[in-house]
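Asks: Below you'll find the structure I mean.
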Amino acid sequence: MSAVEDMKNNKKRSGNFARDRGCTLNMLSLTKLSLNLMQNKRVGISRKKRKCQRQDPSSKDWISDLTDEILIDIVSLLPMKEALNISILSKRWRHIWRSTVILKFDGSNKLPSSIWNKKSLQRLAFVTWVDRVLDSHYGSVVTEFSVCYALNKRAACHINQWISFAVGKKVQRLELKLEYKNSSFSGLYTFPSSKFKAEEASSIKHLALNACRVYSPGFDSFRSLITLSLDHVVLTDIVFNNIFLNCSHLEHVSVVEARELVNARVVGPNLPLKHLKLCICDQLESIEICAMNLVIFIYKGKPINLFLRNVPMLREIQFFASDVMINDTIASTLSQVVSLETLALFCENVWNETKEHLEIKSRVFPTFFKLKVLVLTVRTFSWSGYIGFPSLLRACPLLQRLGMHFDFRRMDLEFRSDEMRTSPESRCQFLKEVELSGFLGQKFDMELAVYLIKAAVVLQRMTIRSYCRYFTSRGWRDCQIWEPEEIEMIRERAAQLHKEMPPTAKLVIL
């Protein structure tokens, strides 16, 4: 989702999240209330006080009236350590946790110490804890299994046993998050993909691997996969390309920080793939995509060769390559995507009046006939990052929403604005919403805002933000780097734009 769309849908997502989690939160609240009541019984409350509690309907132990199946579902929603702790409350609860269908072992809040001995002891304690829980678990099914802790190849024997346990319990969602800050690729755990037959791994629909090596045969046996997330992995071309030949149900693929991936081919007969994300793969040179159901494609990294064919459903592209306002080849490739409606680009700064500067300044972009949303992330310290922007704006005749996010800039610099004209040569007949983040209220910022106000014939809303908005491999992030008095000064400058706004348009300053 683009930055502009993300802004408009934040409120809607929050409401949906609240509704979706309502049942879970109510169950957890009911559980904790009942546990508190049972705990009161154990600490020796007087007989008279317990009698008063029994007469009070609000103090009734409603949990005790539930069936074991419902109790297991409730306990499965609790963190693993809390689920273990409730076993001491009563005889009935003693063995409930042993049948939980969700097992999540999260030690991320206790990452290993820099002291070697302490680090080894912490890892040993975590591994021992997981082993003991799995040895005591006698449920027939585990729907979700997750391990989040800084482990490497030294713990391979234990991790392999954990995976075998999960696969044997017909797990549907399997997550291994083994990375911690500054971990290298040298000691990564190797995912044992060759040990599983197709019938054994057929239950796994969602797989997430972090800080792992994946070698051939890769995911050939995981043919029921719907989502695949790979982060900080070693992944060869053969393994990556075979994913799309063997996983015939795959809809969502995310690959971040992959080593040894050079030429990525997303090609396969009747691929159901809808969402593809490739970020920070430093050795990547080319991407070829032939996926007729693909809807969203996200790329972040160095300039590459991009080949798109047979992508009739592709509506959104976020292409953040460290290039100067995208080169002609990439621009031509993107413009040929006939269904493209949302485009996000990264624009690098050009420092001097070079030949490249002049070529971009005079270039003519191919027309994006259906584009409605355009988002530009601009990195510049002395302004020349604007070059080519008017031409790009003219290439989007149906544009409705525009977002410009300026990367971290210094205050009180005189930006070059030799190309800027507050009276645009052409008008944007459908542009309704404009968002400017990283706005400092300096000469260039004001000129750009006035330029867009006059260019947008049917402008309804302009949003000005002092904080920076930037795209990372994990999504969009906001960052405020200015002091309160500086923010107030920026907002005062932005308020001067009220006099330029048409009567029907609204100026929002955040």
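Asks: Only one of 229, 203, 186, 194 is within 22 Å of residue 134 (Cβ to Cβ) and either of a type in the set (A, V, I, L, M, F, W, C) or out of contact with any helix residue (DSSP H, G or I) (no Cβ under 7 Å at 6 or more places or on another chain) (or both); which?
Replies: Criteria check complete, one pass: 203.
Asks: Yes or no: residue 145 at pLDDT 90 or above and either not in a loop (DSSP other than H, G, I, E, B) or not β-branched (Val, Ile, Thr) (or both)?
Replies: Yes.
Asks: Looking for something modelled with pLDDT of 95 or more, closer than 21 Å to residue 123 by Cα and either open to solvent by 10 Å² or more (accessible area, probe 1.4 Å) or among the charged types (D, E, K, R) (or both) - is there at least one such residue anywhere in segment 170-179?
Replies: Within segment 170-179, one or more residues are modelled with pLDDT of 95 or more, closer than 21 Å to residue 123 by Cα and either open to solvent by 10 Å² or more (accessible area, probe 1.4 Å) or among the charged types (D, E, K, R) (or both).
Asks: In segment 126-160, how many residues are in contact (Cβ under 8 Å) with a residue 12 or more places away in the chain, over 28 Å from the mean Cα position of the chain (by Cα), open to solvent by 30 Å² or more (accessible area, probe 1.4 Å) and under 18 Å from residue 190 (Cα atoms)?
Replies: Number satisfying all stated conditions: 2.
Asks: While we're looking at this one, here's another question. I'm trying to understand the selection: among the residues of segment 231-255, which are open to solvent by less than 20 Å² (accessible area, probe 1.4 Å) and part of a strand (DSSP E or B)?
Replies: Within segment 231-255, 232, 233, 234, 235, 253, 254, 255 qualify.
Asks: Next question, about the same structure. Can you find a residue that is part of a helix (DSSP H, G or I), in contact with a Phe, Trp or Tyr (Cβ under 8 Å, 6 or more places away or on another chain) and either among the aromatic types (Phe, Trp, Tyr) or more than 17 Å from residue 192 (Cβ to Cβ) (or both) anywhere in segment 155-163?
Replies: yes
Asks: In addition: State which residue pairs qualify: first residue in a loop (DSSP other than H, G, I, E, B) and inside segment 297-309, second residue aliphatic (A, V, I, L, M) and modelled with pLDDT of 90 or more in any location, beta carbons under 7 Å apart, and separation of 6 or more residues or different chains.
Replies: Matching pairs, first to second residue: 304/284; 304/287.
Asks: For the list (1) surrounded by 14 or more Cβ atoms within 10 Å (Cβ to Cβ); (2) in contact with a strand residue (DSSP E or B) (Cβ under 8 Å, 6 or more places away or on another chain); (3) modelled with pLDDT under 65; (4) closer than 15 Å to residue 465 by Cβ, I need the number of the one condition that residue 409 fails.
Replies: Among (1) surrounded by 14 or more Cβ atoms within 10 Å (Cβ to Cβ); (2) in contact with a strand residue (DSSP E or B) (Cβ under 8 Å, 6 or more places away or on another chain); (3) modelled with pLDDT under 65; (4) closer than 15 Å to residue 465 by Cβ, residue 409 violates only (2).
Asks: Answer yes if at least one residue in segment 256-263 is of a type in the set (D, E, K, R), open to solvent by 30 Å² or more (accessible area, probe 1.4 Å) and assigned to a loop (DSSP other than H, G, I, E, B), and no otherwise.
Replies: Scanning segment 256-263, I find at least one residue that is of a type in the set (D, E, K, R), open to solvent by 30 Å² or more (accessible area, probe 1.4 Å) and assigned to a loop (DSSP other than H, G, I, E, B), so the answer is yes.
Asks: Scanning segment 264-287 for residues that are over 21 Å from the mean Cα position of the chain (by Cα) and among the charged types (D, E, K, R), which turns out surrounded by the most Cβ atoms within 10 Å (Cβ to Cβ)?
Replies: Step by step, filter segment 264-287, then rank; the result is 265.
Asks: Do we have any residue at all in segment 79-88 that's open to solvent by 10 Å² or more (accessible area, probe 1.4 Å), modelled with pLDDT under 75, in a loop (DSSP other than H, G, I, E, B) and not basic (Lys, Arg)?
Replies: Yes, some residue in segment 79-88 is open to solvent by 10 Å² or more (accessible area, probe 1.4 Å), modelled with pLDDT under 75, in a loop (DSSP other than H, G, I, E, B) and not basic (Lys, Arg).
Asks: Could you check how many residues of segment 213-230 are under 16 Å from residue 245 (Cβ atoms), open to solvent by 20 Å² or more (accessible area, probe 1.4 Å) and not in a loop (DSSP other than H, G, I, E, B)?
Replies: Qualifying residue count, segment 213-230: 0.
Listed here are the residues, each with its yes/no results for (1) at pLDDT 90 or above; (2) open to solvent by less than 40 Å² (accessible area, probe 1.4 Å).
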residue	(1), (2)
431	yes, yes
436	yes, yes
445	no, yes
457	yes, no
481	no, no
485	no, no
498	yes, no
510	no, no
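The values are calculated or read from the model by the stated rules, or taken from the named source; none is laboratory data. Quick caveat: nothing in here was measured; it's all calculated off a predicted structure. Every residue, glycine among them, receives a Cβ derived from its backbone with ideal geometry; neighbour counts consider all protein chains shown. SASA here: full protein model, heavy atoms, side chains in, ligands and nucleic acids out. Shrake-Rupley method; radii C 1.70, N 1.55, O 1.52, S 1.80 Å.
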